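Asker: Have a look at this one.
Coordinate-derived values only; no laboratory data. Remember, it's a predicted structure, so these values are computed and weren't measured experimentally. When we count neighbours, we look across all protein chains shown, and the Cβ atoms used for this are built from the backbone with ideal geometry, even at glycine.
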């Protein structure tokens, strides 16, 4: 299992992006969380199999209908805490 911090920029707030992310994470059996950032982006902490996270990121580029993703960065991180599900944080 690996863990990534994924930052998404573009039109990703107010368009259902966090709930779309949660749905995709559950489909790919990932755990962690997603939340909005103060700069208008979204940040995700995702844990799971490397291949599943790579495919998950591909889906984040697509996003929900009203979103427009302009940039995604991902950094692999050391796992300090294991999550039991994937949550939307506020």
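Asker: Taking the Cα centroid of region 62-76 and of region 4-34, what is the distance between the two, rounded to the nearest whole Å?
Answerer: 9 Å
Asker: Something else now. Order the peptides 59-72, 28-41, 76-89, 10-23 from the highest to the lowest mean number of other Cβ atoms within 10 Å of their residues.
Answerer: 10-23, 28-41, 59-72, 76-89
Asker: Per the helix-only calculation at 222 nm, which mean residue ellipticity applies to the chain, given -39500 (n - 2.57) for every DSSP H run of n ≥ 4 and division by its residues, nearest 500 deg cm²/dmol?
Answerer: Result for the chain, helices only: -8500 deg cm²/dmol.
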